[in-house]
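Some notes on the structure that comes next.
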Amino acid sequence: MISDEDLERAEAYALIGRLFAAPPDDGVLEMLGELEGDDSPLGRAVAALAVASRDTNAADAGGEFSDLFVGLTTREEVSPYGAVQTTGSMFGEALLKVRADLGEMGIGKAEDVSETEDHIALLCQVMTGLLRRELGTDVTPEKTGAFFKAHIAPWAPKFAKAVEATESARFYSAVARFSRLFWESETIRYDR
């Protein structure tokens, strides 16, 4: 039985993964614009993401995504790859470790995916599948926590802070703030 809390966390990972995989289309922006937050720090970040979604359009969000995460102009501090964030190399130890850990869980990369397994969007997709108990045959909460602590916690909050601080990031600043606060709450959860 999967708890409601784990399903909500899986939805957050799915949303973050979707937004760092590709820019949102108008439908995604409309859905995000309807979100409501609460008075907690994470709730305020949800409300700010809703406002940012209403204040942008798909073309502008796409341009921002390209400027931040695509091509030769992508700066290392906003690289969405764990290996780049931790070692400065696209094919560093972080990539090898995530491949090994995924292999141990019986999880392989889809053939139609061009990104390496240490891309933040793919890592969030893995967390979504682990929380929903859709990946691997013997996935436990302990293994899910170990995966998070090994492959997201060491670098993703720093990556999100860098995106937040980038002048050209308007919509993605709100995405990054929500992501950072969510990952920080996950770190607290898994450190208990």
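Give the residue that is modelled with the lowest pLDDT, with candidates limited to residues of segment 66-78 that are of a type outside the set (D, E) and surrounded by fewer than 17 Cβ atoms within 10 Å (Cβ to Cβ). Even if it seems obvious, please write down each step before you answer.
Here is the first cut: in segment 66-78, the residues of a type outside the set (D, E) are 66, 68-75, 78.
Then drop every residue that is not surrounded by fewer than 17 Cβ atoms within 10 Å (Cβ to Cβ), which leaves 66, 70-75.
On the way: S66: 91, V70: 84, G71: 65, L72: 50, T73: 42, T74: 51, R75: 63.
Ranking the qualifying residues of segment 66-78, first place goes to T73.
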- Query: So which residues in segment 157-192 are without any contact (Cβ under 8 Å) to a residue 12 or more places away in the chain, closer than 19 Å to S53 by Cα and either basic (K, R) or part of a helix (DSSP H, G or I) (or both), if there are any at all?
  - Reply: A165
- Does V84 fit the bill of being in a helix (DSSP H, G or I), touching a His at 6+ places or on another chain (Cβ under 9 Å) and either within 26 Å of S185 (Cα to Cα) or modelled with pLDDT under 90 (or both)? no
- Task: Taking only segment 135-156 into account, find how many residues are assigned to a helix (DSSP H, G or I), at pLDDT below 90 and of a type in the set (A, V, I, L, M, F, W, C).
- Result: 0
- Item | Whichever residue in segment 110-157 is in contact with a helix residue (DSSP H, G or I) (Cβ under 7 Å, 6 or more places away or on another chain) and of a type in the set (K, R) and, among such residues, is surrounded by the most Cβ atoms within 10 Å (Cβ to Cβ) | R132
- Query: Of everything in segment 112-132 that's outside any loop (DSSP other than H, G, I, E, B), over 9 Å from the mean Cα position of the chain (by Cα) and among the aliphatic types (A, V, I, L, M), which residue is nearest to W183 (Cα to Cα)?
  - Reply: M127
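Is it fair to say T86 is closer than 27 Å to T140 by Cβ, surrounded by 14 or more Cβ atoms within 10 Å (Cβ to Cβ), polar (S, T, N, Q) and touching a residue at least 40 places away in the same chain (Cβ under 8 Å)?
So T86 fits the description; yes.
The values are calculated or read from the model by the stated rules, or taken from the named source; none is laboratory data. If you're wondering where the values come from, they're calculated on a predicted model, not measured in any experiment. Don't worry about glycine lacking a Cβ; one is built from the backbone with ideal geometry, like all the others, and counts go over all protein chains shown.
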